[in-house]
Amino acid sequence: MSTPNAPSRLAALDGVRGVAALIVMGLHVAGAMGSGLLGHGYLMVDLFFLMSGFVLSAGYGARLSQGGAGTWFAGKRLVRLYPLALAGLLLGAAVAAGLSFGGLRGMEDQPLVLLMLAALFLPWLGGGLVVPFNGPAWSLQLELWINVAYGYAARWLTDRRLAALTGMAAVALIATTLATGQFDGGFANNDPSRAAGPWSYFVGWARVAFAFPLGILLHRWWAAGKLAKITAASAAWLLPTALLLVALPVPGLTPLYDLGAVLILFPLLVALAANTKVGGRAAGINALLGRLSYGLYVLHGPILVAFKYLEPADLLLPVRLAWYGLAAVIAIAAAALAERWIDRPARRWAAGERATKPTATIQVGSA
């Protein structure tokens, strides 16, 4: 399942992942300021799931399809995801403790239980955020567990079975979205303040159960040359522009808009990115965005929480913009430091230890 020149061709996916992480941070910055700008930025999570399936199939699909590598793969994914996830969790707990001791915010009930669950990549379903100390980490939990399932089941995942699983998940996703009138689920559960019903967490499972296997299937089709016609001039500019436009608020038909983006547009964008060759300065920018994406996603939440509760009262709009701009800069700097000292060693370990059986030649980035 190897593909000539695959690493350079897949480099555009790094840029897409980085832009998506910036959009998620922008969504949360806007939310902290009480703005609806980038109101559909939560859809980037589905794009992450989709790209994860694509890239993991590229890097490990051939090895996993031979069977017997589930535990090996689970260990690689745990080492790959856990260090930064733990760093984000501890940062979030430290921020929560600091704000509580300063009298700016109450501490969550049962904090040790919440910490233990999050450290085990398990959700808190008692009400509110699934990962109270670091809200965005809910998607990392789902990603890890579906990665583990993929590692053990890959041997039996023919294209037909993958298509069937993806189709059933699509039906479940459409049904739950239309029944509840909203698509954005998974991050909270049984929380009326967020319009999250008692089963909202499981909407997240419908999202990942659709997007991740579809990503695997897309990679197989791409490697077989079935998606070669999905190209566009100036794709390097088209891709980030399309993501930004998707994230902007759209009046009316919001559930249908979300479904259209996830079911139709995102698979086309991933195929387009896979078919886009980048070089020169663009390659460097894409690589940088890809390296920073995971750290930015997992660390920006606690930083924004700190800035939100420490924000001085009655700031004028330009000063508020500067205040949260500083928060964004700190989050990017933290992501850069985390990439250098935490994420890069984890990537090297995950990529360096190989099983004796042959594996695909496509390199895995920061999926």
Out of all the residues in the range 203-223, is one or more in contact with a strand residue (DSSP E or B) (Cβ under 7 Å, 6 or more places away or on another chain) and within 30 Å of ALA306 (Cα to Cα)? no
Among the residues of the range 116-129, the number that are under 17 Å from LEU299 (Cβ atoms) and surrounded by fewer than 16 Cβ atoms within 10 Å (Cβ to Cβ) is 1
So, first residue farther than 17 Å from ILE342 by Cβ in the range 85-114, second residue among the β-branched types (Val, Ile, Thr), Cβ within less than 9 Å, six or more apart or across chains; the pairs are VAL95/ILE303; VAL95/VAL305; ALA96/VAL305; LEU99/VAL305; ARG105/VAL305; LEU114/VAL131
Only one of (1) over 27 Å from ARG291 (Cβ atoms); (2) touching a helix residue (DSSP H, G or I) at 6+ places or on another chain (Cβ under 7 Å); (3) of a type in the set (A, V, I, L, M, F, W, C) does not apply to ALA96, and that is (2)
Scanning the range 31-66 for residues that are open to solvent by 10 Å² or more (accessible area, probe 1.4 Å) and among the small types (Gly, Ala, Ser), the one nearest to ARG194 (Cα to Cα) turns out to be GLY31
Picking from VAL262, VAL270, VAL278, VAL250, the residue that is at pLDDT below 95 and under 22 Å from GLY39 (Cα atoms) would be VAL250
For ASP159, the lone unmet condition from (1) in contact (Cβ under 8 Å) with a residue 12 or more places away in the chain; (2) more than 30 Å from SER65 (Cβ to Cβ) is (2)
Scanning the range 222-238 residue by residue, those under 23 Å from the mean Cα position of the chain (by Cα) and modelled with pLDDT under 95 turn out to be ALA235, ALA236, TRP237, LEU238
Residue hits (the range 74-115; open to solvent by 50 Å² or more (accessible area, probe 1.4 Å), under 18 Å from TYR201 (Cβ atoms) and modelled with pLDDT of 95 or more) are VAL113
Okay, helices (runs of 4 or more DSSP H) sitting entirely in the range 149-268 with 2 or more residues that are surrounded by fewer than 22 Cβ atoms within 10 Å (Cβ to Cβ) and among the charged types (D, E, K, R), I get 159-180
Within the range 296-349, restricting to residues that are closer than 22 Å to VAL55 by Cβ and among the aromatic types (Phe, Trp, Tyr), the one that is surrounded by the fewest Cβ atoms within 10 Å (Cβ to Cβ) is TRP349
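The values are calculated or read from the model by the stated rules, or taken from the named source; none is laboratory data. This one's a predicted model, so the numbers in the text were calculated from it and none came from an experiment. Neighbour counts run over all protein chains shown; Cβ positions are idealised from the backbone, glycine included. Heads up: the accessible areas ignore ligands, DNA and RNA and are worked out on the full protein's heavy atoms, side chains in. Shrake-Rupley method; radii C 1.70, N 1.55, O 1.52, S 1.80 Å.
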